Structure formats: structure tokens, C-alpha cells
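Colleague: Sharing a structure, written as C-alpha cells. Questions coming.
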Amino acid sequence: MTDAARTALILIDMQLGFIDPASPLCIAGAAATVSACERALAAARNHGLAVYHVRREYAADGSDVEAVRHRVWAEGGRPLSAAWPESLACPPELAPREGEPVIVKPSWSAFFGTDLHERLQARGIGTIVLAGTTTPNCVRSTAYDGMALGYNVAVLADATSSRTPEVQQANLEDMAYVGVQILTADELAATGTASLKDVEGAAADASPARQTTTANGTTSEDAAGSDEVLPSFPATSTPQLASIETVSTGWINKYHLHYTMPDGRPYAYEGVSRKGPEAYRAALDTLGAGGPPTPDAVCIVPILPDGSVLLEQEFRYPLNSWCISLPAGLVDAGESLEEAVARELYEETGYRLRNDADVPVRPLPQPGFSSTGLAEENVHVVFAHVEPGGAAAPEAAELIEPFTLAPSEIRPFLDANTTPIGTRCQLILEMLAGGRHPFQ
């Protein structure tokens, strides 16, 4: 058997675009499995399994629709896109609970182009149980990718669906033949993980020298040299901050930082900060001790329902020029990251966070520092699902002109633009131009 704490239920594509008969992408057997999927969710929650909801969301312009589906999709009302927003939803009985991640995938497999593997590894998951639709496509490709990554894989026969019973049965038999465990939602409810075999663990126990690819993506050879997987930094002598001298104050404060070098020499360095002397010293002490930085500012990457990105042309006084940038601003005292995003976004552009998005914001793992040779200020980049909200309310001296770029326009814009552009903005646009979706 497997450990419940290391097991996850993954519910795939149970959206109205695949369930509603009005949708051209409707799977004939999907509606009949809603109750079994509901029982599977209840069983997973009752037995302490992690739960992940995986979904498909197409760009409204059809740029990422699979070729085999494109004609039917385009002629049938463009389901599973912002052009038919109701089709993106799941049945209410299958709605995610707080703390259950929703992952949007760009193709068949739940692992392809997503961070699902990384999320599972972060929680120590070694066994995945699959439910949803369709068995031959998204469920089966996820099962095979999961096995290739070293997971124990199970599929719930009654909580998955195909276009015909014959196709369903044939695919279940094929998966069972290669080692996928087949059970039902009721079996999961009755026995929890007791009915799930640790196939990978048993194989390793039987042959410890076996060169298997494990669920963390390493082989036994990799494990032997695991200290080479990520860079490690040996302890070295570090300059010690002795004192901070205030040179001038204002909106930007200038300081002289007095250090004692490892060999005992004194050394002075000039730095600037928006923080006053006490807050500045506290921030430097925290960073010097290896503590996490508190976000000073937020940079927002706003993604509209059709996949377009919202940008700004803003007059920047230090440049004496207009500049292409992303909405950004300081985090006010006491604000959460999401509150700062919502406030800055609305003030500068009139857009707001979408309240229908399961994950309206996705911050990068940690804040990044803007100019490490000059200041300690850090900026947390946050991707956000947004929509028009009303009239912007910038400050009197803020000259801001919001505009949007469709995915197909980003590359031509980057190639042709001659207006000064922020480095973060430029790099993120390059990422988007390459087809990397921030919510994958």
C-alpha cells in the first residue's frame, strides 16, 4: 500500500466545455461520471490525499487550440475560452476547495508545460490517482507521463470517460497492461490508499542497484551526486557592516556604508534607499543574516481573458522620456501582496483582478532586487488574471497610457519598438512571445 500523505488525486478537465452537450467538444460519457468524480473528491479529502484540479483554457483567438480540434472548436462557438466563459467552469459539486491548486495546461497531459511535477515533488507525492476526461487523451497521456517520471499511477475507471464504452474499456486495458492500477471511486472511498500498490518502491527494494527514474526526476547515479544538481556555495569570509552614515535625505536617501573587509581593511560604499536610516539598517541586517526580504514594491504582469497582456506607456522623469513598462508600485505598510496588486492595477489602468479566476494572482517564488549595485529595493513580480474595471485614478504627476498586446503581437512589437523599455518588462515579453503562459 502507499502512504496517504504521499498520494494525490488529480481531477482532469471536468469542465462544462467537455461535459455540456451544447459544446462541440463534449465527451459523450463525461456527464455520467460527475457523481463518481464527486465521490472520488470526497474520498481523497476524507483520507487526507492532496487534490489538484487540472483544466484547459484556450486563447479566444484559437492560437493554442490543437490542430485536430481547431475547425470544430472555431465553428462551434469557441468553447473553453473567454469567448464562451461558462464553458470554462466545472460543475459546482466538483469545485475546488481552499488550498486545492488549479493548474491550467496547454495540451493533453497534465504534466506537459505545467509545474505539476514540481508541485507534487514539493509535497513529497509519489503516487497519483487520476480522474476526469478523456481517458484516451488527457488521462492516458498524464498517466504515461507520470509513469515516465517515476510515479505510481492509478486511474479510476468509473470516474473517467471516453466517447464510447468500447474506447473506454480498450484504454483501461492498455494502461493496466503497462502497470497503471485500475480501481473505482468507491474502492478509493472504502480503502483509501490500502488498495494502491507502491510499484516503484517494491521494484527498488527488490533491486536496489536498479537504475530507475524516480518521481523526483533523478536516477540512482544522480542521487549519488545530488550535491551537483543545484549550485552550492561554500562558506567564505564576508565583509562586516560596521556603520551607516546618512549623507542626504529626501524621497531618495543617500548613505555611506562602512564595512570591515575580511582582511581587516576599512571600506566605504555609496548606497541609496527610499527607507529612512533605521529601516534601512534593519533591512540590511536581515539580508546579511540570510533572512527573507519583505517586498518593497510589486510589478504586475496583467493577463486578460483572451491571453493579451496589459502594458503601460508612462512618462518617466529620470529618463525625460516615455517608457514601456508593466503596472508597478510600492507596497503600502500593512498591505498583502494581492492587495497591493489590486490597488496599483486599478489606480494606474482601471483594470481589476478577475473574481472568476480560481487563482487570480501567481507571484514568482521570491522578490527580485532591482539594482544590487545601488540600492536594496526589491520588487515582487506577480502574474495576474485581470479584466476592465472602470476609470483609472493615477496621481496628478503620473502620465500613464495603458495598452494591450495580443499574444501574436508581442514578437512584432518587441522587434519594432524604439521607445525605452524596462528590463523586467522586456524579459517577460520575451517569455510570453516564446509561448510560455504564466499560469501554466
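The values are calculated or read from the model by the stated rules, or taken from the named source; none is laboratory data. Bear in mind the structure is a predicted one, so any value in this text is a computation, not a measurement. Counting neighbours? That spans all protein chains shown, and the Cβs are built from the backbone with ideal geometry, glycine included. What goes into the accessible areas is simple: the full protein's heavy atoms, side chains included, and nothing from ligands, DNA or RNA. Shrake-Rupley method; radii C 1.70, N 1.55, O 1.52, S 1.80 Å.
Colleague: Report ³J(HN,Hα) in whole Hz for each residue of the range 294-305, in order, from the Karplus equation J = 6.51 cos²θ - 1.76 cosθ + 1.60 where θ = phi - 60°; Gly and Pro get x.
Modeller: 8, x, 7, 8, 10, 10, 9, 9, x, 10, 7, x
Colleague: Also, I was wondering about something else. Can you give me the % of accessible surface on the chain that is carbon or sulfur? Probe 1.4 Å, all protein chains present, nothing else counted.
Modeller: 55 percent
Colleague: Can you pull the Rg over Rh of the range 307-426, Cα-only, Kirkwood? Before the final figure, lay out each step's value.
Modeller: Details: Rg = 14.7 Å, Rh = 15.5 Å.
My calculation of the ratio gives 0.95.
Colleague: What is the local net charge at Ala268, summed over the other residues whose Cβ is closer than 14 Å to its Cβ (Lys, Arg +1; Asp, Glu -1)?
Modeller: Neighbourhood net charge equals 0.
Colleague: Could you rank Leu405, Leu374, Leu330 by how accessible they are, 1.4 Å probe, largest area first?
Modeller: Leu374, Leu330, Leu405
Colleague: What's the FRET efficiency of Val167 with Asn355 using the Cβ-Cβ distance as r and R₀ = 30 Å, to the nearest 0.05? Show your work: numbers first, answer last.
Modeller: Values: r = 38 Å, r/R0 = 1.28.
The value I calculate is 0.20.
Colleague: Right, another one. I'd like the orientation of helix 165-177 relative to the chain: the angle between its Cα long axis and the longest Cα principal axis, in ° from 0 to 90, rounded to 10.
Modeller: 70 degrees
Colleague: Kindly state, to the nearest 0.05, the FRET efficiency for Glu75 paired with Leu287, given R0 = 51 Å and r defined as their beta-carbon distance.
Modeller: 0.35
Colleague: Continuing with this model, one more query. Among Glu335, Glu66, what's the order by accessible area (1.4 angstrom probe), most exposed first?
Modeller: Sorted by accessible area, descending: Glu335, Glu66.
Colleague: In nanometres, what is the gap between the two model label sites at Gln121 and Ala5, each 7 Å from Cα along Cα-to-Cβ?
Modeller: The two pseudo-label positions are separated by 2.1 nm.
Colleague: Around Cys37, under 10 Å between beta carbons, what's the net of Lys plus Arg minus Asp minus Glu among the other residues?
Modeller: Here the charged neighbours net out to -2.
Colleague: Any chance you could list the semi-axes, whole Å, largest first, of the equivalent ellipsoid that the Cα gyration tensor gives for the range 70-179, using √(5λ)?
Modeller: 24, 20, 14
Colleague: At a temperature of 10 °C and a viscosity of 1.306 mPa s, determine how fast the range 23-105 diffuses translationally according to Stokes-Einstein, using the Kirkwood radius over alpha-carbon pairs as Rh; express D in µm²/s, rounded to the nearest whole number.
Modeller: Answer from the Stokes-Einstein relation: 111 µm²/s.
Colleague: Taking amide hydrogens as modeled 1.01 Å from N in the peptide plane, which residues meet the under 5 Å criterion relative to Ile421, leaving out close sequence neighbours?
Modeller: Ile324
Colleague: Roughly what % of DSSP beta bridges within the chain run antiparallel, to the nearest 5?
Modeller: Just about 55 percent of them are antiparallel.
Colleague: Starting at the first residue of the range 241-248, write each ³J(HN,Hα) from the Karplus equation 6.51 cos²θ - 1.76 cosθ + 1.60 with θ = phi - 60°, in whole Hz, x for Gly and Pro.
Modeller: Couplings: 6, 8, 7, 10, 9, 7, 8, 7 Hz.
Colleague: Which whole-number value in Å² is the accessible area per residue of the range 325-440, probe 1.4 Å?
Modeller: Per-residue value: 52 Å².
Colleague: Over the range 1-160, average the accessible area per residue using a 1.4 Å probe and give it in Å², no decimals.
Modeller: On a per-residue basis, 37 Å².
Colleague: Between the helical axis of 407-416 and the dominant principal axis of the chain, each derived from Cα atoms, what acute angle in degrees is found, rounded to the nearest 10?
Modeller: So the helix axis and the longest Cα principal axis differ by about 30 degrees.
Colleague: Students sometimes get this wrong: rank Trp251, Trp108, Trp73 by accessible area, probe 1.4 Å, all chains present, largest first.
Modeller: Working: Trp251 185, Trp108 75, Trp73 5 Å².
So the residues, ranked largest to smallest area, are Trp251, Trp108, Trp73.
Colleague: Using the C-alpha atoms of the range 1-50, what convex hull volume per residue, in cubic angstrom, is computed? Kindly include the intermediate steps, with their values, before the conclusion.
Modeller: Values: hull volume 4.0 nm³, N = 50.
In the range 1-50, the Cα hull volume divided by residue count equals 80 Å³.
Colleague: Give the calculated FRET efficiency between Asn320 and Glu66 to the nearest 0.05, with a Förster radius of 56 Å applied to their Cβ-Cβ distance.
Modeller: Numbers: r = 49 Å, r/R0 = 0.87.
Approximately 0.70, to the nearest 0.05.
Colleague: Working only with C-alpha atoms, what are the Rg and Dmax values of the chain, expressed in angstrom?
Modeller: Spelled out, the Cα radius of gyration and Dmax of the chain are 25.8, 80 Å.
Colleague: Pop out the Kirkwood hydrodynamic radius of the range 259-365 from its pairwise C-alpha distances, inverse of mean 1/r, in Å to one decimal.
Modeller: 17.0 Å
Colleague: Round to the nearest 10 and give me the degree value, 0 to 90, for the angle of helix 423-433's Cα axis relative to the longest principal axis of the chain.
Modeller: It is inclined by approximately 20 degrees.
Colleague: Can I ask one more? Run the simple label-point estimate for Glu409 and Gln240 please: 7 Å along Cα→C-beta, distance reported in nm.
Modeller: My value for the distance between the label points is 5.8 nm.
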